[in-house]
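Remarks on the structure that follows.
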């Protein structure tokens, strides 16, 4: 294992001398050997033929025997900072697009309130229709189950067709109940979205007013 701790000011010169000695002693095959140059846990520059995992996060260089830098790997913190900067940039773009959309669609807060009322009303109409279908299906099940119970009391066997009809109606009831729940969630999400639009639009109006 080859390990040398160096001061930063003498690093390049020492690298060449040490690596030159290593090449002379190791032979011609050592000419292609690559080494790592990095900061250790104490902040000391180190030249080594292996790279500790703890040092990799601080960034390092891969160099040849003559001191030529083959590759520079940025510190992990730099990568994280770049990722965070990109995230913030995308968030700013998204907010700008949202702001422009609000200002194009609405002229005042009342416009958003009216749009919210219409959207929620449309969803409520769909829910009411589904509830009507649900009540009808439940009535059908009750009727079929009553007929089956009457047949049983009279000592008659309930037909397979009648059993299938009851089973199918109950499946349909389950499907409609799921659709109603989907519409309820849609209604809540729609209300929340319009509330966010209202809050943001009011903020934009205040910002515009303060600039005048």
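For segment 107-211, the direction-averaged projected area of the alpha-carbon convex hull comes to 7.5 nm². One chain, two ends: residue 190 and residue 33. Fully extended at 0.36 nm per residue, the span grows by 50.2 nm beyond their Cα-Cα distance. Computed from label points 7 Å out along Cα-Cβ, the spacing between residue 49 and residue 83 is 3.4 nm. Full extension of the segment from residue 150 to residue 90, taken as 0.36 nm per residue of separation minus the current Cα-Cα distance, would add 14.9 nm. Full extension of the chain between residue 160 and residue 142 gives 4.8 nm of extra length, using 0.36 nm per residue less the Cα-Cα distance.
FYI, it's all coordinate maths here, none of it is from the lab. Fair warning: this is a prediction, and the values are worked out from it, not measured in the lab. We place every Cβ from the backbone using ideal geometry, glycine too, and count neighbours over all the protein chains shown.
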